[in-house]
1. Those residues that are over 25 Å from the mean Cα position of the chain (by Cα) and in contact (Cβ under 8 Å) with a residue 12 or more places away in the chain, I need them from the range 16-31; list them, please.
2. Between 164, 105, 116, which is within 30 Å of residue 66 (Cβ to Cβ), under 15 Å from the mean Cα position of the chain (by Cα) and modelled with pLDDT under 90?
3. For the range 41-52, which residues satisfy the criterion of being buried (at least 16 other Cβ atoms within 10 Å of the Cβ) and more than 26 Å from the chain's Cα centre (by Cα)?
4. Within the range 177-190, can one find any residue that is closer than 14 Å to residue 140 by Cα, surrounded by 14 or more Cβ atoms within 10 Å (Cβ to Cβ) and either at pLDDT below 80 or outside the structural domain of residue 109 (by TED's automatic domain parsing) (or both)?
5. For residue 55, all conditions in the list (1) within 18 Å of the chain's Cα centre (by Cα); (2) crowded, with 21+ Cβ neighbours inside 10 Å hold save one; what is the number of the exception?
6. Does at least one position in the range 66-86 carry a residue that is assigned to a helix (DSSP H, G or I) and either out of contact with any strand residue (DSSP E or B) (no Cβ under 8 Å at 6 or more places or on another chain) or buried (at least 16 other Cβ atoms within 10 Å of the Cβ) (or both)?
7. Tell me, yes or no, whether the range 32-40 has at least one residue that is in the same structural domain as residue 89 (by TED's automatic domain parsing), exposed (fewer than 15 other Cβ atoms within 10 Å of the Cβ) and without any contact (Cβ under 8 Å) to a residue 60 or more places away in the chain.
């Protein structure tokens, strides 16, 4: 695909996704998400040719003007749309398919200092809503949606909707998922576990105190 055709697709998807878009001039000159994507396409081309410093410089200049940080190593498909975009972060090994939409405050990040593939993969037609965090080398399936403010740490199947912290699949293939089917998404809560342990210990001590009181009362009654 030619560069001009790719840039035109980037503009056309804005009109498809944003009802506030009115004219091509307005979109081309004022949409920071579009500017960030275009800057990334140039930076990524430099990155693939091992011009790492130039690629990184373009990325940082784009970040300064748009508030959107996309690592030049990230792979982004056609018709990618960033709505508003302020605070968006996309990591180095991210792979984003075609017709993907993300909103402001989204982080597609890693979970540590591991090498290799450490950032998410978003398949075609997926959507990540405002403020969501998708972390680690996981996959968001085709046609899937991540709800606003969610934190996703596990793979999401195709045609699913994920919400919550940690993210839980609540709809899959158009069918609501029963609560008991969500247990495998739960993460341990050390604070809750500690409080439960303390509660059990307090109940045990209270029982011992009551038993001791009972023994003492019996001793006094025998006098």
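1. First, the residues of the range 16-31 that are over 25 Å from the mean Cα position of the chain (by Cα): 20-30.
Listed by number, the residues that qualify are 24, 27, 28.
2. Details: 105 fails: modelled with pLDDT under 90; 116 fails: under 15 Å from the mean Cα position of the chain (by Cα).
164 is the lone residue from the list that is within 30 Å of residue 66 (Cβ to Cβ), under 15 Å from the mean Cα position of the chain (by Cα) and modelled with pLDDT under 90.
3. Kept after step one, since they are buried (at least 16 other Cβ atoms within 10 Å of the Cβ), are these residues of the range 41-52: 41-44, 46-47.
Answer for the range 41-52, where residues must be buried (at least 16 other Cβ atoms within 10 Å of the Cβ) and more than 26 Å from the chain's Cα centre (by Cα): just 46.
4. Of all residues in the range 177-190, those closer than 14 Å to residue 140 by Cα come to none.
No, because not a single residue in the range 177-190 is closer than 14 Å to residue 140 by Cα, surrounded by 14 or more Cβ atoms within 10 Å (Cβ to Cβ) and either at pLDDT below 80 or outside the structural domain of residue 109 (by TED's automatic domain parsing) (or both).
5. Evaluating residue 55 over (1) within 18 Å of the chain's Cα centre (by Cα); (2) crowded, with 21+ Cβ neighbours inside 10 Å leaves (1) as the failure.
6. The first filter runs over the range 66-86 and keeps only residues assigned to a helix (DSSP H, G or I), leaving 66.
Next cut, either out of contact with any strand residue (DSSP E or B) (no Cβ under 8 Å at 6 or more places or on another chain) or buried (at least 16 other Cβ atoms within 10 Å of the Cβ) (or both) only: 66.
So far as the range 66-86 goes, yes, one or more of its residues are assigned to a helix (DSSP H, G or I) and either out of contact with any strand residue (DSSP E or B) (no Cβ under 8 Å at 6 or more places or on another chain) or buried (at least 16 other Cβ atoms within 10 Å of the Cβ) (or both).
7. Of all residues in the range 32-40, those in the same structural domain as residue 89 (by TED's automatic domain parsing) come to 32-40.
Remaining after also requiring exposed (fewer than 15 other Cβ atoms within 10 Å of the Cβ): none.
No: the range 32-40 contains no residue that is in the same structural domain as residue 89 (by TED's automatic domain parsing), exposed (fewer than 15 other Cβ atoms within 10 Å of the Cβ) and without any contact (Cβ under 8 Å) to a residue 60 or more places away in the chain.
The values are calculated or read from the model by the stated rules, or taken from the named source; none is laboratory data. Just so you know, these numbers come straight off a predicted model, no measurement behind them. Don't worry about glycine lacking a Cβ; one is built from the backbone with ideal geometry, like all the others, and counts go over all protein chains shown.
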